[in-house]
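One structure is given here, and the rest of the page talks about it.
The values are calculated or read from the model by the stated rules, or taken from the named source; none is laboratory data. As the structure is a computational prediction, the values presented were derived from the model and not from experiment. Don't worry about glycine lacking a Cβ; one is built from the backbone with ideal geometry, like all the others, and counts go over all protein chains shown. Side chains included, ligands, DNA and RNA excluded: accessible areas come from the protein's heavy atoms. Shrake-Rupley method; radii C 1.70, N 1.55, O 1.52, S 1.80 Å.
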Amino acid sequence: MPHYAMVIDTRTCIGCTDCVDACRMENSVPEGLCYDWVVEITQGRYPELKTEFRSERCNHCSHATCVAACPTGASQYWNGSNIVVVDATICTGCKACIAACPYDARLIMQPQGYIGKCTFCVHRVQYGEDPACVATCPAHAMHFGLLDDPTSNVSRLLAGREHYVLAPETGNEPNVFYLR
Amino acid sequence: MQRRDFIRLSSAVASTALLGPSLAGCSQPAEWQRLMTEPPATETPTVCNICFWSCAAKVHTRGERLWKITGNPEDSHCEGRLCTRGTGGVGAYYDPNRLLKPLVRVGKGADQRFEVASWDNALALVAERMTRIAREHGPDRMAALVHGPGAAHISHLVRAYGSDSIAEPAFAQCRGPRDTGFYLTFGQGFGSPEQTDMANARCIVLIGTHIGENLHNSQVRTFTDGIRNDATIIVVDPRFSVAASKARYWLQIRPGTDIALLLAWIHVILAEQLYDADDVSRTFLGLDSLAAYVAAFTPEWAYGETGIEPQQIRETARTMAAVAPATVLHPGRHSTWWGDDTQRARAMAILAGLLGIWGRKGGYYLPEKVALPGYPTPAYPKPKSSWRDLTLPHFPLAGAPVTNVIMDNAYGKDAHYKGLFVYDTNLPMTMPGIRRILEEAARSLDLIVAVDVQPAEITGYADVVLPECSYLERYDPLRNNDEREPSIALRAPALPPRGESKPGWWIAKQIGERIGLGTYFPWKDYQEVIDWQLRQVGTSLAEMRKTGVKIFPRKTPIYYAPGETPTFDTPSGKIELYSKTLEDAGFDALPRYTRPKAPPEGFYHLNYGRAPQHSFSRTQNNPVLYQLMPENLVWIHPTAARRFGIRNGSYVELVNQDGIASNKVRVRVTERTRPDSVWLVHGFGHTAPGLFLAHGNGADDSSLMTRVLYDPIMGGTGMRGNFVTFRKGGA
């Protein structure tokens, strides 16, 4: 059961949105839509300031509420992994998964109407390649790999650095990690 | 249509609208399902042209559909990773407003009406006017303003014709002061890529340069290498830039006072003897004069000018000296700010000299390029007059043609220049105050030709507009830069030219042949030139079409050897802390600090910079990059916003000290800007009606620069001496 994770280093992320751009090109994401996005959080008052950038997307949760909420089985785990995909051929566009996702990571595809989302670029992962966002990051701030392999770069990064996930309280067990 | 924000500020996650199209019996697979079984796409090598960094890349096509562009893994500029803009290069091909046919102007002056022409007629008109200018005035009376790698085609044509008045805004509107200041000190300026060894640095100092927002690919990569290596980052910036957010020391300098800080740093390093006096790699000219000169410039003095605490000035000076020569004092890039910019660069160069970082690991490495011969063509004729004749009386140490000098001599009946060739540079949004001059030039010159991919503002002033195809559809001169790892990169066409657009080499050759310069273009197709050049260095076009990049072994060391005493290309052969060249030309031999003008009551410093999503004013109409950043925001501090009752997200007009108002621009109220300054990204507020996406979006900072501070040394147009206040609402 391959357990994929993404590790993003907020120390080196510059918020350039290249991850968004590369995803949109790779996956031919329609105009105005995106599967990943960048959040800027600035705290403090001039000149005592702190700014953090975070590239966000589907967390490919180990306990994905969107998969559980899908009435047709369209939202599913790919090939026994934790990569969550939507089989558009059986998606009815009912939007139950959108309501179930704690990360606002799903959207309605235009004009077809099925539900779209980040796939961790499973079409690349199947050949052992990194997702497009990771492969393009000019700051080398993004990493992808197997969490169940202790020698993988993501495992080593998480072992060596303080990190956090978004909305851990949901119990979804998200798999996108942010290094502080 | 449901839209999503690509950039969400301060984590305010909006609820997703649950409205959308109903699913009408959808049974087709999703894009990812299609991609799972898709065969590999065709890959063609290119060199990115969205900015000047020129990363080698691969264009992925399926038939005539352009899928994506990715970095070439062999290339040191990008290491296989294009930046946001390069990734968005797809939009340069699909831009809905591209120029697809030649145009000939039917109006004059401010009247910008055109009609479509055939290539034959358009080229014949250019040839007839160029022939007439040569006959009646001499070919030296034609000037060219150019940018980018394709500029070589037009420069070749204009030199063969008999003129050397070929200027790039990259000099007098951008890098000129920096390169001049370092040249006067070390005998050498900086190139692209800058030879900053940030990957090996223990300390990185950025003075007003905002790596991260400026997305020059390998600069960003090596800057983040510095972060990963725990290098001490020192950022001097009035704004809490992205780089400042990564820094251990952020010095919130009062705008325009950099020289005061630099003099105080030099003071500390000399007073505390923080430099290695025995290091023979540094032979100085004028160390004693410098020491005597900076004695008065204490950190306490500098505090009064810069607002930076004396203790912070001392601490940062000691920090950068402690790990020198593994200290990168970044020279910056765009540096035409306050009119004393060459002296500012001189102060940086002097500090770099004292720290002994030139040619040293972790400081500035020594760049090298491939010895690539040029394709043999006849020697150029000697121009009857040179750009120097017009320029040096005004700006004695200008090392390259100055755009503003050319334009000042290119309008009116008695103007020196009678014709203007513009290639790939959008002067109206590059040079403050140029629109009035261009209108006059459009009335009075015998010929203005603009070669461009898109109907940019500049094309409106041209008599003839020649549509070039995008970089994805053409061969261009081989990339061969001075850099860490000498390499050659190929730009080959991945797609057929759209419409009737043509490559720059074809345009230059066609004009050349029509004005009797055919011998300068002794080839049928530019591929012959590239192949010939590649064969001289042991490869070929066929091989390069497969690899895109070829790396060559270095022939010279990347750093000076320990104990080596280098000779510099200065008159004395030494690092010239004291510049006799400047003194002889009537300037200060040591950099003088001049207190900049403070903003009038109720006004704010107008500061500007780059965004990672756009390059200058050339990408706002790119449909991919447009979606990432459709307009610029003006950053206003909360105190200013409160004072003027301006709400975050509302639109205002910026009004400068001379009452000139900008287009309406959206406000970002943020703590990240200094309370006495506003900041906005340059390149927005397009007025060209043909740019459907970009037109009218955001404010053009250059339209507010009615006060230009000329650098008397090299002619740079300082753009920072302008101030703005706010007018609510906006039209």
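Observations on the model:
- Cα-centred dipole magnitude for the protein assembly as shown, charges only on beta-carbon of K, R (+1) and D, E (-1), debye, nearest 20: 1120
- Largest mean-square fluctuation among A:GLU169, A:GLU40, A:GLU56, in a Gaussian network model of chain A whose springs join Cα atoms under 10 Å apart, belongs to A:GLU169.
- From the alpha carbon centroid of segment B:597-623 to that of segment B:188-247 is 20 Å.
- Fully extended contour minus Cα-Cα distance, from B:GLU115 to B:THR639, at 0.36 nm per residue: 183.5 nm
- Averaged over the residues of A:29-41, the number of partner chain Cβ atoms lying within 10 Å of the residue Cβ comes to 5.
- Solvent-accessible heavy-atom area per residue, rounded to whole Å², over chain B at 1.4 Å: 35
- When the Cα positions of A:VAL39, A:MET6, A:ASN79 are compared along the charge dipole of segment A:4-179, A:VAL39 comes out farthest toward the positive end, with charges on each C-beta of Lys, Arg, Asp and Glu.
- Ordering B:ALA317, B:TRP338, B:VAL328 by Cα displacement along the dipole of segment B:282-372 toward the positive end leaves B:VAL328 in first place; charges were set at the Cβ atoms of Lys, Arg (+1) and Asp, Glu (-1).
- What the Cα convex hull of segment B:604-728 gives, in volume per residue, is 115 Å³.
- In segment A:74-109, the residues whose accessible area drops by at least 40 square angstrom when the other protein chains are added to the isolated chain are A:ALA88, A:THR89, A:LYS95, A:ASP104, A:ILE108; the probe is 1.4 Å and only protein heavy atoms count.
- Just so you know, the Rg over Rh for chain B is 0.96, from Cα atoms, with Rh as the Kirkwood radius.
- Size of the protein assembly as shown as Cα extents on the principal axes (Å, biggest first): 82, 70, 62
- Which of B:GLY226, B:THR306, B:ALA442, positive extreme of dipole for chain B (C-beta unit charges): B:ALA442
- Of all DSSP beta bridges confined to the protein assembly as shown, the antiparallel ones make up roughly 55%.
- Taken residue by residue and averaged, Cβ atoms of other chains lying within 10 Å of the Cβ of A:112-118 number 4.
- Shielding by other protein chains, B:31-44, mean Cβ within 10 Å: 4
- Förster-model FRET efficiency, 25 Å R0, B:SER385 and B:ARG132, C-beta, rounded to 0.05: 0.85
- About its Cα centre, segment A:4-179 has a charge dipole of approximately 180 debye under the convention of +1 per Lys or Arg Cβ and -1 per Asp or Glu Cβ, with nothing else charged.
- Measuring r between the beta carbons of B:ASP588 and B:PHE692 and using R0 = 56 Å, the FRET efficiency lands at 0.65.
- Remark: segment A:4-179 carries 33 Å² of accessible area per residue (probe radius 1.4 Å; ligands, DNA and RNA excluded).
- Contour excess over end-to-end distance, with Cα ends at B:ARG228 and B:ARG727 and 0.36 nm allotted per residue: 175.2 nm
- Accessible surface of the protein assembly as shown [probe 1.4 Å, protein heavy atoms]: carbon and sulfur percent: 52
- Pairing chain A with chain B buries about 6000 Å² of accessible area. This figure sums both sides and uses a 1.4 Å probe.
- By the rule of a C-alpha distance below 27 Å, with chain neighbours fewer than 8 residues away ignored, the lysines paired with B:LYS728 are B:LYS597, B:LYS664.
- Rounded Å value of the spacing that divides the Cα centres of segment B:72-128 and segment A:164-180: 46
- Distance violations [Cα-Cα > 22 Å] among B:LYS384/B:LYS418; A:LYS117/B:LYS246; B:LYS68/B:LYS524; B:LYS555/B:LYS580: A:LYS117/B:LYS246; B:LYS68/B:LYS524; B:LYS555/B:LYS580
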